[in-house]
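The values are calculated or read from the model by the stated rules, or taken from the named source; none is laboratory data. Everything numeric here is computed off the predicted structure, so don't read it as measured data. No Cβ is skipped: glycine too gets one built from the backbone with ideal geometry, and neighbour counts run over all protein chains shown.
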Amino acid sequence: MGIFSKEHAKVIEWSPAWSCGAPCPQVFSDGHNAYLIYYTDEDNGSLAIAIFSACHSFRFGIVNDEASSGHPLIRRGLSVYNAHIIENSSWIEELKNIHKVHPQYSSKNWEGYMHYLLFFHDEIFEVVAKNYKIERSELPLKELAIEVATRLNS
């Protein structure tokens, strides 16, 4: 049995949590950082931004809650409407293998990367990054999107 057989999802604390009904997540990225905006259930639908720094890759969409039973990690700890760290990530292993052809490849370059998976109502957001932080915002969605685009282009 290889490393992939040990892959599993571990639920992590995430605050503020997103709205279970209509989080309306939006993703912005510049290739180094990824910003994820979503609605919370706090204060009549305020917004939060999760900022993933040293972001290597992300994917968005994949499956909704009604098709969650088809996800390969559903019997390995994956839980709808929760945030997770994917331990022994096959995606990180896949990325490492792709990059091994680079003349300056070093496994040390991959130290500290984590695979995060956030399971929303209608989609999943996955990201391979080193760090994240979450900020609350009082701005309306359109203004917050402009703020994020400004941060990415500063």
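Data overview
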read-out: Residues that are part of a loop (DSSP other than H, G, I, E, B), touching a residue at least 60 places away in the same chain (Cβ under 8 Å) and either surrounded by fewer than 16 Cβ atoms within 10 Å (Cβ to Cβ) or touching a Cys at 6+ places or on another chain (Cβ under 7 Å) (or both), drawn from region 60-72; value: Ile62
read-out: Answer residue from region 73-89, given it is in a strand (DSSP E or B) and either without any contact (Cβ under 8 Å) to a residue 40 or more places away in the chain or not charged (D, E, K, R) (or both) and is nearest to Tyr38 (Cα to Cα) among those; value: Ala83
read-out: Single match in Ala48, Ala9 (criterion: buried (at least 16 other Cβ atoms within 10 Å of the Cβ), in contact (Cβ under 8 Å) with a residue 24 or more places away in the chain and more than 26 Å from Pro72 (Cα to Cα)); value: Ala48
read-out: Filter result (in a helix (DSSP H, G or I), in contact (Cβ under 8 Å) with a residue 60 or more places away in the chain and either basic (Lys, Arg) or surrounded by fewer than 16 Cβ atoms within 10 Å (Cβ to Cβ) (or both)) within region 119-154; value: Leu141, Ala149, Arg151, Leu152
read-out: Failed condition for Tyr116, given (1) outside any helix (DSSP H, G or I); (2) exposed (fewer than 15 other Cβ atoms within 10 Å of the Cβ); value: (2)
read-out: Any hit, region 39-52, residues being at pLDDT 95 or above, touching a strand residue (DSSP E or B) at 6+ places or on another chain (Cβ under 8 Å), over 29 Å from Asn153 (Cβ atoms) and not in a loop (DSSP other than H, G, I, E, B); value: no
read-out: Within region 31-45, considering residues that are surrounded by 14 or more Cβ atoms within 10 Å (Cβ to Cβ) and among the charged types (D, E, K, R), the one nearest to Gly21 (Cα to Cα); value: Asp41
